[in-house]
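Report on the structure given below.
The values are calculated or read from the model by the stated rules, or taken from the named source; none is laboratory data. Keep in mind the model is a prediction, meaning the values are calculated, not measured. For neighbour counting, all protein chains shown are included, and Cβ atoms are generated from backbone atoms with ideal geometry for every residue, glycine included.
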Amino acid sequence: MLADIYDAQRALNRKTVGFDVCSIEDEDTRLTWFRNYLTAWDQELKELLESLDRNAVFTGGLTDGFDLDVKNVQVEVVDMLHFLVSLFQVIGEQGIRGERVEGSPEGFDAYLARLAAEHEAFYGLGILSSNDDETMNRLLVLHGLHASVETGQVLDRVQWKWWAKQGSRWDEALDDLYGKLFPRWCHLVLASGMDGASVRDLYMRKNKLNFERQEGGYKEGTYRKTDESGREDNVKLFDKG
């Protein structure tokens, strides 16, 4: 799954930025694009948090009239994946190494299951059973806020450690991607009710849509996200077929 997504994102990045970000050699260029993709990841994270009822974490219940749009949440989580994979590519990681994220021969879903077990043991709350809106919202806010803090830590490490050797700086950034951002994103996957198969399916649909946006004038500002009926293109990601 991760290999397919890595390759698809590499092709999309070539289309959107005009070169292979996996092959950056200049240090200043690498830092610029790392910051660009980390900022884009952070923007998607903010959009996710803005779609949630953050007050419910403190009030103990969802605000009257609030409806959790689960499909929109899942799109935001998958949008974050586009930029997370791009961060690995900018550093020069040729694929997301299974031995560093999966921890078992069973693959990505086994890794998610292990994270879920650790989550329940630590928080006393089953993330796989978060099928009601209130629990799902609470878990998404919890891990979204954690992700926001960790994103700042990654940026600080790369941007301000000017005294560190270049290789050392990127080794540490890679450790942060594997040890902080990737697992946190996986918690968001679980909290949003997805598994490996649904992530891959939705990612590939969104990747295809992003290519269509580029062909349709997205960069030039002429692409329309809504059709004649006012239906947004992201909504169509869940259409069958």
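Observations on the structure shown:
- Tabulated pairs, the range 9-31, first in contact (Cβ under 8 Å) with a residue 12 or more places away in the chain, second of a type in the set (D, E, K, R) and surrounded by 13 or more Cβ atoms within 10 Å (Cβ to Cβ), C-beta under 7 angstrom, 6+ apart or interchain: C22/R10; I24/R30
- Counting the residues of the range 9-37 that are under 22 Å from Q74 (Cβ atoms) and within 15 Å of the chain's Cα centre (by Cα) gives 2.
- Qualifying residue in the range 219-236 (condition: under 15 Å from V78 (Cβ atoms), touching a residue at least 12 places away in the same chain (Cβ under 8 Å) and aliphatic (A, V, I, L, M)): yes
- Conditions (1) of a type outside the set (S, T, Y); (2) in a helix (DSSP H, G or I); (3) more than 20 Å from the chain's Cα centre (by Cα); number of the one not met by G221: (2)
- So D233, is it over 21 Å from L87 (Cβ atoms), surrounded by 14 or more Cβ atoms within 10 Å (Cβ to Cβ) and of a type in the set (D, E, K, R): yes
- Candidates in the range 179-207 are the residues that are of a type in the set (F, W, Y) and within 13 Å of Y111 (Cα to Cα); of these, the one that is modelled with the lowest pLDDT is F182.
- Condition check for D69: at pLDDT 90 or above and either more than 26 Å from R157 (Cβ to Cβ) or under 15 Å from the mean Cα position of the chain (by Cα) (or both): yes
- Selection from the range 31-55 of residues that are out of contact with any helix residue (DSSP H, G or I) (no Cβ under 9 Å at 6 or more places or on another chain) and outside any helix (DSSP H, G or I): N55
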